[in-house]
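Inspection log for the structure reproduced underneath, given as structure tokens.
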Amino acid sequence: MLVNKSTKRVWKATEASGVERSLFRNNEMGGRSSVVRLQKHARVPRHAHHGHEEVVVLSGSVLIGGVELEEGDYLFTQPGEEHDVVALTEAVIFVSSQKSTTVVE
């Protein structure tokens with residue numbers, strides 16, 4: 001069993017300005033599960049998915065591939081799909097990807 005307590009979460013900066021990640025785990029197919037924290041107006045560049053991805057907005061509001069998502073909303077991405085992520089407000093999202101992604105911009 002793997003437990004990641006929110007009070008002991010470790011946040012690490014990503015390559016995208018204003019975006020931090022708290023990694024839960026990497027999987028055997030190259031994907032990972034994590035919580036991502038975004039400052040208002042932060043942007044994750046457009047990227048391509050090699051496997052499926054699931055996103056749940058835990059707080060705030062984001063624009064993913066042109067679709068506005070708010071707290072409680074869910075997004076499923078198929079392999080081969082591309083999108084960026086823009087924080088409309090400060091936001092926290094849960095992201096679980098089956099395989100790695102590639103930045104396309």
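The numbers here are math on the coordinates, done by the rules we state, and not lab data. Bear in mind that the values here come from a model prediction, so they are computed numbers and not experimental data. Reconstructed Cβ throughout: ideal geometry from the backbone, glycine too, with neighbour counts over all protein chains shown.
By the Kirkwood approach, averaging reciprocal distances over each pair of separate Cα atoms, region 52-105 gets a hydrodynamic radius of 11.4 Å.
Mean sequence separation of contacting Cα pairs (under 8 Å, at least six apart), scaled by the length of the chain, corresponds to a relative contact order of 32 percent.
Toward the positive end of the charge dipole of the chain, with +1 on the Cβ of Lys and Arg and -1 on the Cβ of Asp and Glu, the farthest Cα among V19, V67, H41 is that of V19. Under the simplified labelling scheme, the E68-M1 pair shows an inter-label distance of 4.1 nm, with each label point 7 Å from Cα along Cα→Cβ.
About its Cα centre, the dipole of the chain is roughly 620 debye, where the only charges are +1 on Lys and Arg Cβ and -1 on Asp and Glu Cβ. Using alpha carbons only, the radius of gyration of region 1-43 set against its Kirkwood radius gives Rg/Rh = 1.01. Shape analysis of the chain yields a ratio of the Cα radius of gyration to the Kirkwood radius, Rg/Rh, of 0.93. A dipole drawn for the chain from +1 and -1 charges on Cβ atoms has a positive end, and of I93, Q78, H50 the residue lying farthest that way is I93.
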